[in-house]
Amino acid sequence: GHRQHTSAGVKVVGMSGTAEYEALAAEEASPMKKEEEPMFNKLMAALPPEHRAKAEEDPLDILIIVRGFQKENPREEKTLEALMKIITWRDKIGYFDMLLKHYPGEQEFHKYWPEHIYGSDKYGHFMQVIRIKDINIEKVEELGEDVVEVLQGQKMKAYGMYKKQLMAKSGVQRYKHSLVVDLDGVSMSLTSSKHRNFLKKIFDVGTHYFPETMWKIYLLNSPYLFRGIWVVAKPWLHPITQAKVNVLGSFSSSMKHMEADGIPKAAMPDWMGGGCKGQSTEQWLQGLLANGGQLPP
């Protein structure tokens, strides 16, 4: 049997969950392993020249895809298929120049779908935070699917840069982060077919084109009604992602759960009782755009 152990004052019963996450965090931090090289080389060989040059500058970009599809079957076919989907999309939206220019609809998008960056867990995964009551889905829909797809892609790329900054400071390779959604104020209208298709489009950007980026997902203030929404949304997520979702209640019970997962109170949003003021994602993105797509000095 598993003995109880205390870490950082939190009693963890049963090591299986914790041990599994320790192993995942260790894999994430590790450089390319010998057994990953053949698949990595196959992906590199499949890249068109422009994409290959970029991948040589940032090999982690390709290693993430190798790792994201290692459990798929047939592995090579599924991994190459994912890679092709990603590079087709990158060509379509001009991925490599996304942090060099402003897009139409940018201000409205961040105004009506604001997000914030908060602190990190003990491994170094920051929290991307969305509060449903701040979102005006009708206004976001007015921008149109194509505009929103580009702006969502730009935002995901900006989060990737934030992780690069954290890595530069910590010296530990981390390409995943956690998503926290405060469901206070959520209404069932979000599940109407019109909104549902639009939301799926937004979440698909992350699922399809930014694989292996989610560490954990925390849903706070989940109302009873939400179970219905969850049933609708669950199939859009990869089974591995589904397993990362924590459907939680009040702020105080959510904080206990998050603390047990290795997130210090000081890193949690101040509005839920934590000690972190956070910064707006839009502000972070504007800093990158002002600095030619590079990390601010």
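The values are calculated or read from the model by the stated rules, or taken from the named source; none is laboratory data. Just so we're clear, the structure is a prediction, and the values are computed from it rather than from any experiment. Heads up, the Cβs are rebuilt from the backbone with ideal geometry, glycines too, and the neighbour counts pull from every protein chain shown. In case anyone asks, the SASA skips ligands and DNA or RNA and just uses the protein heavy atoms, side chains included. Shrake-Rupley method; radii C 1.70, N 1.55, O 1.52, S 1.80 Å.
For the stretch 96-175, with the dipole built from +1 on Lys and Arg beta-carbon atoms and -1 on Asp and Glu ones, taken about the Cα centre, which of LEU99, GLY124, ILE135 lies farthest toward the positive end?
Looking along the dipole axis, the top candidate is GLY124.
Determine the share of the chain's accessible area contributed by carbon and sulfur atoms, expressed in whole percent, with a 1.4 angstrom probe.
Summing carbon and sulfur atoms, their accessible area is 55 percent of the total for the chain.
What nm value, rounded to one decimal, do you get for the distance between ILE240 and GLU37 when each label is placed 7 Å out toward the C-beta?
So the two model labels end up 2.3 nm from each other.
Applying 1/(1 + (r/R0)^6) with R0 = 35 Å to the Cβ-Cβ distance of ASP270 and ALA45, what FRET efficiency is obtained, to the nearest 0.05?
0.10
Rg/Rh for the stretch 100-168 to two decimals, with Rh computed the Kirkwood way over all alpha-carbon pairs.
1.02
Only Lys, Arg, Asp and Glu count, each charged at its Cβ (+1, +1, -1, -1), so figure out the dipole size of the chain about its Cα centre, rounded to 20 debye.
Approximately 700 debye in magnitude.
Report the convex hull volume per residue for the chain, counting only C-alpha atoms, in Å³.
149
With a probe of 1.4 Å, find how much accessible area the chain has per residue, and write the answer as a whole number in Å².
Per residue, the chain has 49 Å² of solvent-accessible surface.
Expected output is a single nm value to one decimal: the length gained when fully extending between HIS195 and LYS277, i.e. 0.36 nm times separation in residues minus the C-alpha distance. What is it?
26.5 nm
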